[in-house]
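A short worksheet on the structure shown next.
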Amino acid sequence: MNLSSVLPLLVACLISLVSAQGNKEAVELSSANHDHILGSATVVFVAFCADWCPFSRRLKPIFEESARVFHQENPQASAVWAIVDSQRQADIGDKYFVNKYPTMKVFVNGELISKEYRSTRSVEALTNFVKYQLSTAMNEFSSQDQLNQEMDKSKRNIVAWLKKDGPEFANLKKVASILREDCSFWVPTDNFGTQTTENKLSFFDPDNNEEAKFTGNFNDYDFVKQWVTDKCIPLVREVTFENVEELTEEGMPFLIYFRDPDNKSTDKLFGEAVARELYDQRSAINPLLADGHKFAHPLKHLGKTKEDLPVLAIDSFQHMYLFPDMTQMNVPGKLREFVMDLHSGKLHKEFHENLDQRMIDLAKAKAARGITDDHEAQAPSARPIDTTPPPSVFKDLKPSDKRYSILQKSEL
C-alpha cells in the first residue's frame, strides 16, 4: 500500500476525530456557520454572551463544562451546545432580539423555541434541560379508556391518530417538540393505532370541554404548526411571578384582568370579550389574567383593593390606566375602544382633563380603605396634585439586575 492511497484515509480519519472531539465542546456560533449549526442537530442550545458582562463571564465556563459532561454521558445524542460572542457577532443577537446577557435560547429541528432558558445555571440543570428537549413530547395510550383516565382535561390537549412511519406524523412530532410546554400531545400505541383508517387530529379545550377537529392538509407543515399553535397558546394567558419577566420581554402593553382567585367565573367572559373585540390586536396588546390577591401592589397603585375585584387595567410600561366602568366591559365596542384609546394617546390625554377632582377622589378612596404611601401622610386636600397617571408597576418586573446585564447599544 503506497502513501498516495493511505493519505486520503488518514485525512478522513483525522477529520472524523477532530469533528468528534469538537462535538464534545461548546462551539462558537457565527454568521458564517449559523445555518449549518442550527441544522446539524435535533437540539441546539445557544448561550448569547458578552465579555463585558460579568454574568456572562460567570456562565461561560459552566456552559462549556455542561457541554463536555453532556456529550460524555450522551455520546450519541443529536445535540449541539453553542456560544455566541455578542461583541463580534452582534448581528446574530439582533436577529433574535437579544437585549440582555447572558441569554440562553434553544432551537429544535432548526426552529427557535419561544421560551428562553431561565432556570438554575449549573451543570446538572443545564444538562437535564437539554435531555428534556431531546425526550419525546408524545404521550402514548393503548386504549380509549387509558386516554380518558390519563389525559388531564384541565390542560390543553392534542390527540392525533396518524401512522408513525408517515410524513404526517413527522410533521406533528416536530410541532410537538416546539409546543410541548403549551400542550400535551397524545398518540396511540402501534397496536392500537392500526385500528384507525384515516388521519385524525383533535384539540380538546379545557375552558369549554369542546373538541376542535383539524380539517387541513396534514402534509403542510406550516399549516399544521399554525393550527396547533393557535389552539395551544390561548389568546388570554395567566400572568404569574414566574412568567412575568418573560411576558414583559414580549414588549406589548398588558391588558390585565385582575380577579379573585376563588371566583374565576368571569374569566370566560373576559376571554370572549377579547376574542370578539381584539381579534386583530394579538401583536399590539397582551391580554392577561392576574390573581388580584397576589398582585395587590398594582391594584394599590390604581387605588383598588381585593374588595374591588374584578378590575381591568392597561399597563403600558409607562403608566397604568383603569377601565372606568366594569359593568361596561362586555358592552360591544367598549373594550376595543379602551385599547384603541391607548394606542392613539387618548387615555393619557384624558387623564389630565379634569384631573384635580379625580386625584382628590382617588386619594380619598385610598384613605377610606386604609391605603397609605409614605408621601400620603397629609390630608388629600392639602397635598399637591399629581399630574401623571399611576406609574407602571410591571415594567419593574423586567429581567433581574442580579442575573443579567441589560443591553445598551452603546456598549457594543
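Just a few scattered comments:
- Highlighted here are the strands (runs of 3 or more DSSP E) found entirely within segment 176-239 that include at least 2 residues which are surrounded by 13 or more Cβ atoms within 10 Å (Cβ to Cβ): 184-188, 200-205, 237-239.
- Segment 98-124, subset more than 21 Å from Asp182 (Cβ to Cβ) and out of contact with any strand residue (DSSP E or B) (no Cβ under 9 Å at 6 or more places or on another chain), residue modelled with the lowest pLDDT: Thr120
- Residue selection: Lys173 satisfies the criterion of being closer than 27 Å to Ser135 by Cβ and either touching a His at 6+ places or on another chain (Cβ under 9 Å) or free of Cβ contacts under 8 Å to residues at least 40 places away in the same chain (or both).
- Among the residues of segment 141-174, those that are more than 23 Å from Asn209 (Cβ to Cβ) and not in a helix (DSSP H, G or I) comprise Ser142, Leu162, Lys163, Lys164, Asp165, Gly166.
- The set of residues in segment 108-140 that are outside any loop (DSSP other than H, G, I, E, B) and either of a type in the set (Asp, Glu) or free of Cβ contacts under 8 Å to residues at least 40 places away in the same chain (or both) comprises Glu111, Leu112, Glu124, Ala125, Asn128, Tyr132, Glu140.
- Inter-residue pairs, beta-carbon under 8 Å, first farther than 11 Å from Glu25 by Cα and in segment 76-91, second in a strand (DSSP E or B) and among the hydroxyl-bearing types (Ser, Thr, Tyr), 6+ apart: Ser86/Tyr101
- All of Ser30, Ser16 fail the test of being modelled with pLDDT of 95 or more and either more than 24 Å from the chain's Cα centre (by Cα) or open to solvent by 40 Å² or more (accessible area, probe 1.4 Å) (or both), apart from Ser30.
- Unique match (being open to solvent by 60 Å² or more (accessible area, probe 1.4 Å) and modelled with pLDDT of 95 or more) among Lys155, Lys131: Lys131
- Qualifying residue in segment 282-303 (condition: part of a helix (DSSP H, G or I), more than 17 Å from Leu362 (Cβ to Cβ) and among the charged types (D, E, K, R)): no
- Positions within segment 99-117 being open to solvent by less than 10 Å² (accessible area, probe 1.4 Å) and out of contact with any Pro (no Cβ under 8 Å at 6 or more places or on another chain), in sequence order: Tyr101, Pro102, Thr103, Met104, Val106, Phe107, Val108
- Looking at Glu198, Glu181, just one residue is of a type in the set (Asp, Glu) and under 20 Å from the mean Cα position of the chain (by Cα), and that residue is Glu181.
Residue-by-condition table, conditions (1) closer than 20 Å to Arg118 by Cα; (2) open to solvent by less than 50 Å² (accessible area, probe 1.4 Å); (3) touching a Lys or Arg at 6+ places or on another chain (Cβ under 8 Å):
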position: Lys60; (1), (2), (3): yes, no, no
position: Ser66; (1), (2), (3): yes, yes, no
position: Glu73; (1), (2), (3): no, no, no
position: Gln76; (1), (2), (3): no, no, no
position: Trp81; (1), (2), (3): yes, yes, no
position: Ala90; (1), (2), (3): no, yes, no
position: Phe97; (1), (2), (3): yes, no, no
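- Some residue of segment 372-388 being at pLDDT 65 or above, more than 30 Å from Phe48 (Cβ to Cβ) and open to solvent by less than 70 Å² (accessible area, probe 1.4 Å): no
- Meets criteria (over 30 Å from Asn99 (Cα atoms), of a type outside the set (Phe, Trp, Tyr), within 24 Å of the chain's Cα centre (by Cα) and open to solvent by 20 Å² or more (accessible area, probe 1.4 Å)) for Lys268: yes
- Scanning segment 249-265 for residues that are open to solvent by 20 Å² or more (accessible area, probe 1.4 Å) and either over 29 Å from Tyr117 (Cβ atoms) or not charged (D, E, K, R) (or both) yields Gly251, Met252, Pro253, Asp260, Pro261, Asp262, Asn263, Lys264, Ser265.
The values are calculated or read from the model by the stated rules, or taken from the named source; none is laboratory data. Keep in mind the model is a prediction, meaning the values are calculated, not measured. Here Cβ is always computed from backbone atoms with ideal geometry, including for glycine, and neighbour counts include all displayed protein chains. Only protein heavy atoms, including side chains, enter the accessible area calculation; ligands, DNA and RNA are left aside. Shrake-Rupley method; radii C 1.70, N 1.55, O 1.52, S 1.80 Å.
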